[in-house]
Structure formats: structure tokens, C-alpha cells
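Worksheet for the structure shown next.
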């Protein structure tokens, strides 16, 4: 992630980075796994990549009936334990690239945005209401740089739980003094973030952004 600058943080107050109405279609297409896809993954990325897809599909199908706390724990552990952190410039030769979950798993690598996006998609597919989930931009104070995590709100005014690739344990945001929340978003809108409660709603999913590119890629065959 690039270093945080004041201009970027101010831009968060007016940017609407969220999914449009075709989010549900894109999600279903992006998570569809069949034998043909598995064969293409194995041919291009190897047997280990194919196994990640098989394990991911099993996680989603088996986990739909789990309590939400178990869904959070299993999904967080799955991506943190199976995918390597690699900067976009090295992996994609771009300063910033938001990978679809299929791209993330195929490469077996990605940055903090990719972890958060994949966890978000997977939990929604497992039945967690997207209103409880926010992809949240923070400043990682110890690293002095921007960072992305997934946050889970049990209720609108609850202290959110933080799912992070830097620290594997899921804890309340109030226990993550190393993170300074900036803004958060999901499929319905954008909020200025805070450690307790949903934060100030500042817009809906009515602007284009990197999510548009991501959705288009998810609607297409990934390989």
C-alpha cells in the first residue's frame, strides 16, 4: 500500500467506492467454481492453486450453516493461512490493483485489499448480511501507511470486529490502537469510519471507481 497523504484521506470524504446494483450478479459469477475452471487453474497455476479453489468451495458450502462467529474465524484463517502477501507493483506491475477472489487464489498472493475483498465476498456468499460487513481503510500507525481490513458489525452501533492479514486474531476495533480508521464501504454505501458504531454515512453506490473494473472482471471468465 502507498503511504497515506492528506489529499488521499480528504478524497475519502467525497469518493463513493461501492458496488452497483449488479453486485449480486458479479458475486455469483465470481464465485462459480466448476470442473472446467479447476482444470484451467491447474493448467495455468499448478496443483496447489487448484487445491486452494477446492478448499475455498468446500469452505463456502460447508460453512453456510455455521454460526456467524465461526464463519468469521474460518474465513479469516483460510485466507491468512493460504495466501502470501505481495505488493501490487511486484505481483501485477501496477501501483494499485484490486483482485477478484479467483485471481487472488489463483496467484496465491495479494495485498491487504485483496485479503479484505476476498473475505467480504466469501462471507456474503456464506450468508452473512452485507450490512454487517465493511471493507475499511485505515492508517496502520506503526507502518505509517494506508491499510485495508474487513470489519464486522454485529449491530449498527456495535464495536466492529477486525479481520486483518497483519494480525491473525479477530478482535474488537477498540483493541486495535495501531489502526486509525478513515472510511469504510460495502455494497450499499460509504461511511466515514470510527471505532464504535457505523460512522457518518456520506453517500451511496452511485459513482464509478476501481470496483467497476473489479465487477467487470468478475462477470467474465477469470482464466
Q. Residue 167 to residue 65: FRET efficiency via 1/(1 + (r/R0)^6), r the Cβ-Cβ distance, R0 22 Å, to the nearest 0.05?
A. 0.20
Q | Length added when fully stretched, residue 35-residue 141, from 0.36 nm per residue minus Cα-Cα | A | 33.8 nm
Q: Could you list 135, 89, 33 in order of exposure, starting from the residue whose Cβ has the fewest other Cβ atoms within 10 Å?
A: 89, 33, 135
Q) Between rounded, prolate and oblate, where does region 35-141 land on the alpha carbon gyration tensor, with a ≥ b ≥ c its root eigenvalues, rounded for a/c under 1.5, else prolate if a/b exceeds b/c? A) oblate
Q | Residue order, fewest to most beta carbons within 10 Å, for 40, 157, 217 | A | 157, 40, 217
Q) So how far apart, in nm, are the two label points at residue 174 and residue 42 if each is 7 Å from Cα heading toward Cβ? A) 5.0 nm
Q: First check a/c for region 109-150, with a ≥ b ≥ c the square roots of the eigenvalues of its C-alpha gyration tensor; if it is under 1.5, answer rounded, and if not, answer prolate when a/b is larger than b/c or oblate otherwise.
A: oblate
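FYI, it's all coordinate maths here, none of it is from the lab. Please read all numbers here as calculations on a predicted model, not as lab measurements. With ideal geometry, Cβ positions are generated from the backbone for all residues, glycine too; neighbour counts draw on all protein chains shown.
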